[in-house]
Amino acid sequence: MAEVVEAGESSAPAPERRHEFDAFLSYAHRNQEATAAIQKGLHQIGRRVGQLRALRVFRDTTNLEANPDLWAKILDGLDGSRFMIVMLSPQAATSHWVGEEVNHWLEHRGHEGLMMVLVEGQLHWDEKTERFDPQLSDAAPAPLTKPGSLPFEPLYIDVSADAPWDIRSPGFRDKVASLAAPIHGKPKDELTSD
């Protein structure tokens, strides 16, 4: 599957807050190269003349400063973002921070605005339990393997064969445009023709 999660109805109430960021990137540091390329693409695709960036994207290495309360700053980024993009990989599946970020998003926002990018590893959806099967999915963080974690099988962007993740590559750029389009609130073909 190589598409983006469709935003749907959520049982969790949306917080009444102005969003400082368009998207929050959750990733394991081993996947930093792919994550930086996704961020760069989101900054470029749809950018107008005179704009510094098309979208404002939170990524810890570009938005966090030295602070004794790291989790509070991450929560500010999460709660201040309209979308969450989770970079899925075996390292992300075992990352404490990725698990906490995904869990926080699901608890406070539900599945709405949640997007997924497969960087490496395997995913297998178990329709009966509405989750990624933890025995067959080495790239899914624990919150996505809990029964009922998502109401339907999510569509995700698969960039696992796109290394070194260069935004000038037409195939990779097209996949990043699939992420950017719902964030911009435009059809992908309209966004890419702008």
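The values are calculated or read from the model by the stated rules, or taken from the named source; none is laboratory data. All figures in this text were calculated on a predicted structure; none of them were measured in a lab. Note that each Cβ is placed from the backbone with ideal geometry, even for glycine, and that neighbours are counted across all protein chains shown. Only protein heavy atoms, including side chains, enter the accessible area calculation; ligands, DNA and RNA are left aside. Shrake-Rupley method; radii C 1.70, N 1.55, O 1.52, S 1.80 Å.
Observations, loosely collected:
- Computed packing ranks the peptides 147-157, 81-91 as 81-91, 147-157, most packed first, by mean other Cβ atoms within 10 Å.
- Extension gain, L75-A36: 0.36 nm per intervening residue step, less the Cα-Cα distance, totals 12.0 nm.
- Overall form of the chain per C-alpha gyration tensor (a/c, 1.5; a/b vs b/c): rounded
- With all protein chains in place and a 1.4 Å probe, the accessible surface of the chain carries 48 percent carbon and sulfur.
- 28 Å Cα-Cα reach of K40 towards lysines, excluding residues that sit fewer than 8 places from it in its own chain: K73, K175, K186, K188
- Using a probe of 1.4 angstrom and keeping all protein chains present, the accessible surface of the stretch 85-194 works out to 45 square angstrom per residue.
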